[in-house]
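Some notes on the structure that comes next.
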Amino acid sequence: MSIPGFSPFPEIPQRSTPEADFDAKMYALFQHFATTHRNELLAFIEFLETNSVVIGAALNGTTIGLSDPAAAKFTTLEADSIGGAAVQANATDASDGKLLAVGAGGILATNPPNLADPAQLDVPAGLYSIAASDGWPFDGALLQLRRNAGRGVQIAARGSSSAPNASSEILVRTSGNSFGGWAQLIHAENLLGTVSQSGGTPTGAVIERGSNANGEYVRFADGTQICCSGDWSEDVTTAQGALYRSAAPKIWTFPASFYSSSGLVGHVGATGNSQTHWGVVRTTSPSDAQITIFSHSQYTDRTVRATAIGRWF
């Protein structure tokens, strides 16, 4: 590449004062440098062309940019490998200020590194594989969000290829001087399902609903249960003082048993004219109730349904 010469100097752009004064002074300074020190300037240009180790050449064996880069433009960084103290040494290297290698910390890795100790506090941030055999809640994946040594957030997740959403489970826990217990995250796929508990702590879905020949029931994670019967008819023709009642109490077996009859309450609703009949519920058992229908006159085929509210644990 030949050393360029200088083209004629252009006219000074005309701007208003004080910009025009500044332009004139800078223009004069450049003319002085380019004319009086022309040889030194051309020699410096030749030095850059001959000794450059960045543009169009190599820097420590690594090509930076293009062989003939466009003006003021770098387009590519080419290297067989990047290593050294500035790069993460392995998947769990948590040193500050290091470049993250692909796959390190589980990022973009097909098989993230295994984390075998659930009690370990000072775990670098990243994605890990976990196994129930090591003491984790299940076989799955763990996302470690590390704030600083000894403190962080862990999010564990698992799913199933056959039912990826319905069987998914996500747990989260945080650490101070030690990790707290796992808390399950509720989402659309596990909001409804089978409720369960351990020592009074919910461990399953939030709401469970079911039905059978005895009626319908709904259970909530806090222990509340509501049972509803289907409709049935009774003759209210047996004299009871100045009133009439059904001949014998109706035994309603609950569609789902309660934990205890203590605190269990019931209600009978009339599906027809409520002015002709009403009922009472006797809750003496966690599995069934006795229901009697009353009226001020003799009636047949009085239709009712019952409700019971209590606890399933």
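Only residues that are part of a strand (DSSP E or B), of a type outside the set (K, R) and within 25 Å of S260 (Cα to Cα): list them for the stretch 280-303, please. If the condition is that a residue be part of a strand (DSSP E or B), of a type outside the set (K, R) and within 25 Å of S260 (Cα to Cα), then V280, V281, D288, A289, Q290, I291, T292, I293 are the ones that fit. Scanning the stretch 242-253 for residues being within 60 Å of the chain's Cα centre (by Cα), assigned to a strand (DSSP E or B) and surrounded by 15 or more Cβ atoms within 10 Å (Cβ to Cβ) gives a total of 5. Here the condition is being surrounded by 15 or more Cβ atoms within 10 Å (Cβ to Cβ) and of a type in the set (G, A, S); of A239, A270, it holds for A270 alone. With respect to (1) modelled with pLDDT under 95; (2) more than 27 Å from S211 (Cα to Cα), the lone exception for G272 is condition (2). Within the stretch 93-107, can one find any residue that is at pLDDT 80 or above and within 29 Å of G176 (Cβ to Cβ)? Within the stretch 93-107, none of the residues are at pLDDT 80 or above and within 29 Å of G176 (Cβ to Cβ). Would you check if T238 is more than 19 Å from the chain's Cα centre (by Cα), within 30 Å of G279 (Cβ to Cβ) and among the hydroxyl-bearing types (S, T, Y)? Judged against the criteria, T238 is a match. Pairs are defined by a Cβ separation below 6 Å, a sequence spacing of at least 6 or placement on different chains, a first member in the stretch 162-188 that is modelled with pLDDT of 85 or more, and a second member that is among the hydroxyl-bearing types (S, T, Y); the pairs so defined are G180/T174. Collect the residues in the stretch 191-220 that are more than 23 Å from H267 (Cα to Cα) and assigned to a loop (DSSP other than H, G, I, E, B), keeping them in residue-number order. Hits for the stretch 191-220 are L191, G193, T194, V195, S196, G199, G200, T203, G204, A205, V206. When each of G215, G204, G223 is tested for being touching a Ser or Thr at 6+ places or on another chain (Cβ under 6 Å) and more than 30 Å from S295 (Cα to Cα), the lone residue that passes is G204. Taking residues in the stretch 114-139 that are in contact (Cβ under 8 Å) with a residue 12 or more places away in the chain and under 13 Å from S175 (Cβ atoms), and partners anywhere that are among the small types (G, A, S) and outside any loop (DSSP other than H, G, I, E, B), the pairs with Cβ atoms closer than 6 Å and at least 6 places apart or on different chains are L121/S175. For the stretch 189-214, the candidate set comprises residues that are more than 22 Å from S168 (Cα to Cα) and either among the polar types (S, T, N, Q) or in contact (Cβ under 8 Å) with a residue 60 or more places away in the chain (or both); within that set, the residue that is surrounded by the fewest Cβ atoms within 10 Å (Cβ to Cβ) is G200.
The values are calculated or read from the model by the stated rules, or taken from the named source; none is laboratory data. These numbers come from a predicted model, not from an experiment. Positions of Cβ are backbone-derived with ideal geometry, glycine not excepted, and every protein chain shown enters the neighbour counts.
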